[in-house]
1. Wrap a convex hull around the Cα atoms of the protein assembly as shown, take a quarter of its surface area, and give that in square nanometres.
2. If you count, for every residue in B:378-390, the Cβ atoms of partner chains within 10 Å of its Cβ, what is the mean?
3. Which three extents, in angstrom, do the Cα atoms of segment A:29-158 have along their principal axes, listed largest first?
4. Report, as an integer, the average count of C-beta atoms from other chains found within 10 Å of each Cβ along B:424-437.
5. Compute the Rg to Rh ratio over segment B:41-160 from the alpha carbon atoms, using the Kirkwood formula for Rh, and round to two decimal places.
6. Roughly how far apart, in whole Å, are the Cα centres of segment B:413-441 and segment A:96-111?
7. Hey, rough spin-label estimate for residue B:284 and residue A:154, points 7 angstrom out along Cα→Cβ, what's it come to in nanometres?
8. Can you list, bin by bin at 20 Å, the percent of alpha carbon pairs in chain B, starting at 0?
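Every read-out reported here was derived from the displayed coordinates using simple, explicitly stated rules and does not represent laboratory data. Since this is a predicted model, take the numbers as computed values, not measurements. Note that each Cβ is placed from the backbone with ideal geometry, even for glycine, and that neighbours are counted across all protein chains shown.
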């Protein structure tokens, strides 16, 4: 039993994670849809369509979970570190979304470029700095000045 | 028709239209060549730019990116054994061996020629069938629209590469996500989680950019190996094949074009499945199937003709019925609607100038692409040595500013980041994103037409069978489901033997 948890369980769980998430999505649409009127077949209420779709998702999720996943995920770089690149890229986009309306286009772009470039350890600080500044300037020239995207280069609106 | 086409050429040859056609196909070739960035990302990134153009030029440019990417996509398959876009994955099988034999030039030449022939033949079909289908569709009522969308969605999810059940599940999830927002009949808010920005529904560009753009980038950054630093050089002289090699390629190209046209015209299935099917077909009809996988030119010519034919034929249902041929065309359709043009049966009659201008631009675009891909191939080949670690931060920037500029709204950028994580998870677990997006676009239309059909028939589902056209669509759908089920069962039975 203990060896099962160590060696087989990760694969067992991974093969069923997708199906479980489909079940969760199905439950969300069934439960959420029930809060609206279902109506009749002749006059479908706003809840009917989502509930029907949610039920379909529940059935398919159950099938996927029971059968398990015989397909392996793409094998290349299966052991690669996930957390750092994930946080760097995600954080970069969030930083752009947060900073662009508050501090302006240039700081937001620099934050995005620096954060996302840090996802790959081979990117050197000098390279990152040059790329971030170049993109901030070019992006400002093309999108803000050229295309009129309504953002200030710098702003102070907390 | 001929004078309409001539008028179309008049539109497409005007300075601005011609310029944006050139920009579109060049950009398309560029993103097609570079692995990890495809037509979907390029189209969504350039959407904000096209808001400032008049609709014809905007459409010409966006469409140019879409079919241009098919030309470029085989370059990386042949030289690096990495497909530039999913539809060129099958080109790796014979393209890379040819490259190892020192015959990359010939492979690139055949690929460009097959692309051109497949693409232009499909434009002819588009010219004849789109107006015909639009006229036929004037008789369509809600039941027909519902069943043809069902056909498209089932076709897209089961005929795709990978596990059919996962594809269907993602389609249904996409349709369900389409219900987020204000219900059109009652005005009730559904699944908005109390977030005001969701009252108009999820933003399609944010969903598309997250799943395809950010999701792909995450996957490449985390798991991709940098194949940079490889120097590749292809000279013009090395591209010329021997005459006996070309002679055998006529029928494979024609077969590929046919497969591509059928798969493209079926709403929902796009170039990827077309290229895989035509490769399988060539292998089946070949006198010596063992040549495939070792550098058979047919293995490049047929799938290349097929995926280019599929992208052009994909415009048939998109423009005449308002049903997108695949997920990228769904975004393109969204762009048309932003410009106030609704594709559908009345599009060709109401906006004949745009339709024929677009068709003429396809002819011009394909000729431009032939020039870009044969004499100027060296430039694209050299681009492949740009390392990915340089490109992806710039790509993320274009995604962020592009999504932001659609509604000048930072919330959409937040949404994109979340969809990016979801998209990454889907790639790793083998759930396809294209059916989800297609379902998301068609979902609201399906709900509308289902409600109307049932209202019309007083709650009787028989309405879908009683009407002949609708019944035909249902029968084809049932056929596809049956075919998939038999295939899945057979595979399951044969696995133990394979293992033994």
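1. 31.1 nm²
2. Mean partner shielding for this stretch: 1.
3. Reported extents, whole Å, longest axis first: 61, 41, 26.
4. Counting other chains' Cβ atoms within 10 Å and averaging over B:424-437 gives 3.
5. Using Cα coordinates only, the ratio equals 1.07.
6. 25 Å
7. 6.7 nm
8. 24, 59, 17, 0
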